[in-house]
Amino acid sequence: MLNFSTVAITLALAVPTVALAAPLPADLAAAAHAYDAAQVNGDRAALERLVADDYVLVNGAGQVQDKAKLIADYVAPGFKLDPFTIEAPVEKVFGDTALLGGRVNMTGVDGGQRFALVVRFVDTWAKRDGQWRVVYSQVTRVAKP
């Protein structure tokens, strides 16, 4: 009968060493933080700067939106997104392209009505002319248990 120590040693020898994930490049981390803040604050200027002109969003309802619609939604009167924390973050960088995502408990107010939903998302970032910009997002609503 194998004990836990034997199994752990066997696995350690059988599985290649996994390097710790490298931190995001500082300029990408700053852009991602600014993008999250711009959504929460309804900051049109920051959204205009951080979202690529050819941006595409597939939202939680499966609808396709462009940059103008995304920004209009975040700055609409009566809409306010609460600050959020990204759980189980996904961070993959491939040179001048990056995938950032995770799970979010999203709450806020829309049209005077409180809302709460859980989503998984991924934002695709591309470095263009020396600046990181969001070029594509996919959002999936997580079903309530």
Task: the range 23-141: equivalent-ellipsoid semi-axes (sqrt of 5 x gyration tensor eigenvalues, Cα, Å) - done: 22, 16, 13
Task: Length added when fully stretched, THR140-ALA45, from 0.36 nm per residue minus Cα-Cα - done: 31.5 nm
Task: Spin-label pair VAL109/THR97, simplified geometry with 7 Å Cα→Cβ offset, distance in nm - done: 4.1
Open item on the list: At 0.36 nm per residue, and after removing the present C-alpha to C-alpha distance, how many nm does the segment from LYS69 to ASP129 gain when stretched out fully?
Closed with: 19.2 nm
TODO: Read phi for every residue in the range 131-141 and hand back ³J(HN,Hα) as whole Hz from Karplus 6.51 cos²θ - 1.76 cosθ + 1.60, θ = phi - 60°, with x for Gly and Pro.
DONE: 10, 6, 9, 6, 10, 7, 9, 10, 10, 10, 6
TODO: At 7 Å along the Cα-to-beta-carbon direction for both ALA88 and VAL58, put a label point, then send me their distance in nm to one decimal.
DONE: 1.9
Task: Bridge type composition, the range 23-141 - antiparallel percent by DSSP, nearest 5 - done: 90
TODO: Report, ordered by chain and residue number, the lysines lying within cross-link reach of LYS127, taken as a straight Cα distance under 19 Å and ignoring same-chain residues fewer than 8 apart.
DONE: LYS67, LYS92
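Where a number appears in this text, it was derived from the coordinates with a stated rule and is not lab data. Note that this is a predicted model, so its numbers are computed, not measured. Every residue, glycine as well, gets a Cβ built from its backbone with ideal geometry; the counts of neighbours run over all protein chains shown.
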